[in-house]
């Protein structure tokens, strides 16, 4: 097992995170990746330190994975819900428990902030990710996601 630690992203990390997003988004069929937009989104998340975090996984000084989390108010829960996006571990480091540790770290942070539920989306074609989330205990809902770009 590889040695790693998880901490919060810093502004100097954004170039590496943007590159990892290009790998993640390469399988997306609903939109085309745009590094300028992804960088802007990451910068906004860093600026929202009260309600959002980007957690990075570091190994030997290099970022090998990350995920983003935002707190939103859930009317069904009457509390915060953690909205998790962009979960990725570099290919060479998958299957070693790093993704599970990253999600657990993220969920623990959300719980400390008062969240009572966590949610994420997974591409229907990404069978490896679907299997990963199922194995980790995530449940598929019956909600059909619709999106509208404004």
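Quick note: the coordinates plus some simple rules give every number you see, no bench work behind them. Given the structure is predicted, the values throughout are model-derived calculations rather than measurements. A quick note on method: Cβ atoms are made from the backbone with ideal geometry, for glycine too, and the neighbour counts reach across all protein chains shown.
Numbers below:
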{"quantity": "Selection count, segment 114-145, where residues are in a loop (DSSP other than H, G, I, E, B) and within 16 Å of the chain's Cα centre (by Cα)", "calculated": "6"}
{"quantity": "Subset of segment 120-140 (residues that are exposed (fewer than 15 other Cβ atoms within 10 Å of the Cβ) and either more than 24 Å from residue 25 (Cβ to Cβ) or in contact with a strand residue (DSSP E or B) (Cβ under 7 Å, 6 or more places away or on another chain) (or both))", "calculated": "137, 139"}
{"quantity": "Of the criteria (1) farther than 15 Å from residue 110 by Cα; (2) touching a residue at least 24 places away in the same chain (Cβ under 8 Å); (3) surrounded by fewer than 20 Cβ atoms within 10 Å (Cβ to Cβ), which one residue 17 fails", "calculated": "(3)"}
{"quantity": "Selection status of residue 7, more than 27 Å from residue 143 (Cβ to Cβ), over 13 Å from the mean Cα position of the chain (by Cα) and buried (at least 18 other Cβ atoms within 10 Å of the Cβ)", "calculated": "no"}
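Condition check ((1) over 27 Å from residue 143 (Cβ atoms); (2) surrounded by 18 or more Cβ atoms within 10 Å (Cβ to Cβ)) across all residues:
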{"position": "1", "(1), (2)": "yes, no"}
{"position": "11", "(1), (2)": "yes, no"}
{"position": "22", "(1), (2)": "yes, no"}
{"position": "25", "(1), (2)": "no, yes"}
{"position": "36", "(1), (2)": "yes, no"}
{"position": "39", "(1), (2)": "yes, no"}
{"position": "71", "(1), (2)": "no, yes"}
{"position": "74", "(1), (2)": "no, no"}
